[in-house]
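The values are calculated or read from the model by the stated rules, or taken from the named source; none is laboratory data. Worth saying up front: this structure is predicted, and the values here are computed from it rather than measured. Heads up, the Cβs are rebuilt from the backbone with ideal geometry, glycines too, and the neighbour counts pull from every protein chain shown.
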Amino acid sequence: MTQLYKSYSVTEATKKLESYCVYQDRCHKEVITKLREMRMIPEAIDQIMGQLIQNNYLNEERFAKSFARGKFNIKKWGRNRIVNELKQRDISKFNIKIALEEIDNGEYYKTFNALAKKRLTEIKEKDVQKRRKKLADYLFYRGWESNMVYEKIGELIPFK
């Protein structure tokens with residue numbers, strides 16, 4: 001069975017990718033993946049990427065900032081998780097640093113405290129050690145720093 005692929009001209013692909021980038025901030029890696037899925041040749045990919053960057057449809061710093069803000073405000077992720085996710089998207093160290101500055105320190109600690117307390121009320125485990133572990137695992141998975149996690153667990157679930 002032959003598979004038919006739609007082929008795009010550079011102009012068509014550029015228009016399609018402009019819409020893709022306008023809908024939501026994208027990183028370079030996502031856009032390149034999309035262009036490869038569209039079966040564009042490397043020269044066309046380079047040309048389209050250049051146009052998207054030049055016309056400000058694609059801006060890695062803007063992407064990193066909005067990603068950090070969104071994941072912190074909506075998903076309540078800590079800095080470690082945000083950094084790791086940005087690294088997986090090949091965002092530069094420089095842009096990651098700038099993105100983390102989008103998170104207010106006061107808000108960061110307030111969110112962490114609220115998240116830890118809320119999660120603790122949801123843990124039905126009776127055994128103190130297991131309660132501590134469940135809370136720690138949850139907070140680590142969300143990317144919160146270990147010193148903060150251990151300190152908060154000591155405060156919320158002290159050893160008897």
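The table below gives the values:
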quantity	calculated
Boolean, Lys76 is on the phi > 0 side of the Ramachandran plot and of a type in the set (D, E, K, R)	yes
Filtered residues of the range 41-74 (kept if without any contact (Cβ under 8 Å) to a residue 12 or more places away in the chain and not in a helix (DSSP H, G or I))	Ile41, Asn56, Ile74
Those residues of the range 105-157 which are part of a helix (DSSP H, G or I) and of a type in the set (Gly, Ala, Ser), in sequence order	Gly106, Ala114, Ala116, Ala136, Ser146, Gly154
Qualifying residue in the range 79-100 (condition: part of a helix (DSSP H, G or I), in contact with a Gly (Cβ under 9 Å, 6 or more places away or on another chain) and of a type in the set (S, T, N, Q))	yes
Complete set of residues in the range 87-109 that are farther than 14 Å from Trp144 by Cβ, of a type outside the set (Gly, Ala, Ser) and without any contact (Cβ under 8 Å) to a residue 24 or more places away in the chain	Lys87, Gln88, Lys93, Phe94, Lys97, Glu101, Asp104
Selection from the range 62-78 of residues that are of a type in the set (D, E, K, R) and closer than 13 Å to Ile96 by Cβ	Lys65, Lys71
Residues being loosely packed, with under 15 Cβ neighbours inside 10 Å and farther than 20 Å from Gly70 by Cβ - total across the range 106-117	2
The range 79-93 - residue that is more than 17 Å from Leu58 (Cα to Cα) and hydrophobic (A, V, I, L, M, F, W, C) and, of those, surrounded by the most Cβ atoms within 10 Å (Cβ to Cβ)	Ile82
For Arg36: the one exception among (1) of a type in the set (D, E, K, R); (2) part of a helix (DSSP H, G or I); (3) touching a Lys or Arg at 6+ places or on another chain (Cβ under 8 Å)	(3)
Test: residue in the range 50-72 that is surrounded by 17 or more Cβ atoms within 10 Å (Cβ to Cβ), of a type in the set (A, V, I, L, M), out of contact with any Phe, Trp or Tyr (no Cβ under 9 Å at 6 or more places or on another chain) and farther than 24 Å from Leu139 by Cβ	yes
Matching entry among Lys133, Lys76, Lys126 (being surrounded by fewer than 12 Cβ atoms within 10 Å (Cβ to Cβ) and not acidic (Asp, Glu))	Lys126
Selection count, the range 142-156, where residues are surrounded by fewer than 18 Cβ atoms within 10 Å (Cβ to Cβ) and in contact (Cβ under 8 Å) with a residue 12 or more places away in the chain	4
Residue in the range 26-42 that is at pLDDT below 95, outside the structural domain of Lys152 (by TED's automatic domain parsing) and acidic (Asp, Glu) present	yes
